[in-house]
Amino acid sequence: MQRLPNLAPAPPKPEPPAPQPQPHQQAARPRVSRASSSRKSATNHACVPCRKTKTKCDGRHPCARCQFSSNVCTYDTKVLSGEMLNRLTNAVNEQKGRLNQLETILAAMRNGTDSEAAEVMSWIRIGESVESIVSYIESKSRAVVVPQRLVGVNHQAKSKFIETLFDRAEWLDGTTFEADARNIDLGSRTKSYFSYHFGNLPFSSGIKANHYPAVAQRSQLQNYYAKHNWAMMTANDGHGVDSVTKAWADTLKKARQLVTEGAKPDDLTGTFPCVAALFDKDEYETAPMISKWAVQFIYSARRQDYSFTSMAAVWVVWVVMRWQINPTPQTYADLPDWIRPTELQVFVPHIDMLDCISWPYFRDYVIQHPEMQHGELQWLAACTSGVQVNWRGTIEEALCVDGPTGRRRFTAEAEATIRDLQEWSLAASYRAFMPGIDGQIPIRTAEDAGVKQV
């Protein structure tokens, strides 16, 4: 058998030559769209042109590919892009935050007392920002309630030597005093405020037929025949809170009686109010009769001693009482224009304390709403608590020593501040008692309510 020859291994096959680059491919520009369409910039929400061409899209408006190719970049409204989804998420979170703020305000109005709810509503009506209202609500002490705020005691008051003339609690429980034990006819008191005609009767005779209390009719007749404004007293009806009415009327009667008996008016009133008697025992004990009474009156109403507003209130009460005790052109001229009696005060009976409230609009408003003057006087308590005089200095800077008497009195600058009615303001909560007060009386904002004032 013939043996087959051994065969050598076959030589390796030659590798095919590498393809040569074409000239036009070397000159081609790099594709910007691929460089800009990196994996990081890809999005699951591609625009319509990129979805049609099945190319990567960065989800912008417009995307880089459409911007490069000058295509109109549009998105399917049914599919949210990542950027739009983020914007909507932020918007939802902002709305949730605002909803929480509004719920805080609503809870304060729903769970608080009527006066607290009215206070919040008043801030809303003047355009106070939601953030500032919520900030004030959250910073308030939840333990403080309205009756305590209206009637409560100022724990910083140290003038225990001052004798109080009345209890502010009477303003809330409706304790009233009726002159001559006569019932009050509110209906007849609201019919003739602006009328000077009583049928065929002359005005002077009509006064006697107007059903007002005798004490008020006497004041009306006196004012009718008075030839000068300084001689026209306010028409007080003898009604109102028992202790306040007596504290005012009894002091006025006693002082007038002393003047009739020969006492000098300046000896009773002094030539200026001793406002430092609010916190200085020595000044209090040596103060003239009317200065001491004015300090007692304001301290009973506000229970604040070391306070510029309290001292300013003493000044107002003093100048009014001084004029009523000794009505002269000089004492009348010393009254600021805004505290001089209005036409309604002169001819329409009202409670005594109304004559000491700073704003003519306020006084006329209460006179035209006689129901406010009888029963609970929360509006009066809120006024004495919420009034404020904007003095920019300290208590010491507001006072100077009077040379002849050695007593402290207001400096010229401090008295000028008191005489400027624009420096007086009420708390925003007062809208609960007097709708339409905006534009008539300066109202403090929510931020001001959280700032301690003197």
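Residues in segment 111-128: is at least one part of a helix (DSSP H, G or I), out of contact with any Cys (no Cβ under 6 Å at 6 or more places or on another chain), polar (S, T, N, Q) and modelled with pLDDT of 75 or more? Yes, the conditions are met somewhere in segment 111-128. Confirm whether Ala301 is at pLDDT below 95, hydrophobic (A, V, I, L, M, F, W, C), touching a Lys or Arg at 6+ places or on another chain (Cβ under 8 Å) and under 25 Å from Tyr332 (Cβ atoms). Judged against the criteria, Ala301 is a match.
In segment 250-268, the condition of being surrounded by 24 or more Cβ atoms within 10 Å (Cβ to Cβ) and at negative phi is met by no residue. Of the helices (runs of 4 or more DSSP H) that lie entirely inside segment 313-402, those containing 2 or more residues that are among the polar types (S, T, N, Q), closer than 26 Å to Asp266 by Cβ and over 21 Å from the mean Cα position of the chain (by Cα) span 329-333. Taken over segment 433-447, the criterion of being modelled with pLDDT under 80 and within 11 Å of the chain's Cα centre (by Cα) is satisfied by Thr445, Ala446, Glu447. Close contacts from segment 428-441, counting a first residue that is over 15 Å from Cys383 (Cα atoms) and a second that is surrounded by 18 or more Cβ atoms within 10 Å (Cβ to Cβ) and of a type outside the set (A, V, I, L, M, F, W, C), with Cβ to Cβ under 6 Å and a gap of 6+ residues or different chains, come to none at all. Only residues that are buried (at least 18 other Cβ atoms within 10 Å of the Cβ), free of Cβ contacts under 8 Å to residues at least 24 places away in the same chain and in a helix (DSSP H, G or I) were counted in segment 45-67, giving 2.
Residues checked against (1) of a type in the set (Gly, Ala, Ser); (2) farther than 29 Å from Gly436 by Cβ:
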{"residue": "Tyr299", "(1), (2)": "no, yes"}
{"residue": "Arg302", "(1), (2)": "no, no"}
{"residue": "Ala312", "(1), (2)": "yes, no"}
{"residue": "Gln324", "(1), (2)": "no, yes"}
{"residue": "Cys356", "(1), (2)": "no, no"}
{"residue": "Val366", "(1), (2)": "no, no"}
{"residue": "Gln373", "(1), (2)": "no, no"}
{"residue": "Val401", "(1), (2)": "no, yes"}
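The numbered conditions (1) closer than 28 Å to Pro404 by Cα; (2) crowded, with 22+ Cβ neighbours inside 10 Å; (3) modelled with pLDDT of 90 or more are all true for Arg363 except (1).
Scanning segment 290-312 for residues that are in contact (Cβ under 8 Å) with a residue 40 or more places away in the chain and assigned to a helix (DSSP H, G or I) yields Trp293, Val295, Gln296, Phe297, Tyr299, Ser300, Ala301, Arg302, Phe308, Thr309, Met311, Ala312.
The values are calculated or read from the model by the stated rules, or taken from the named source; none is laboratory data. This one's a predicted model, so the numbers in the text were calculated from it and none came from an experiment. We place every Cβ from the backbone using ideal geometry, glycine too, and count neighbours over all the protein chains shown.
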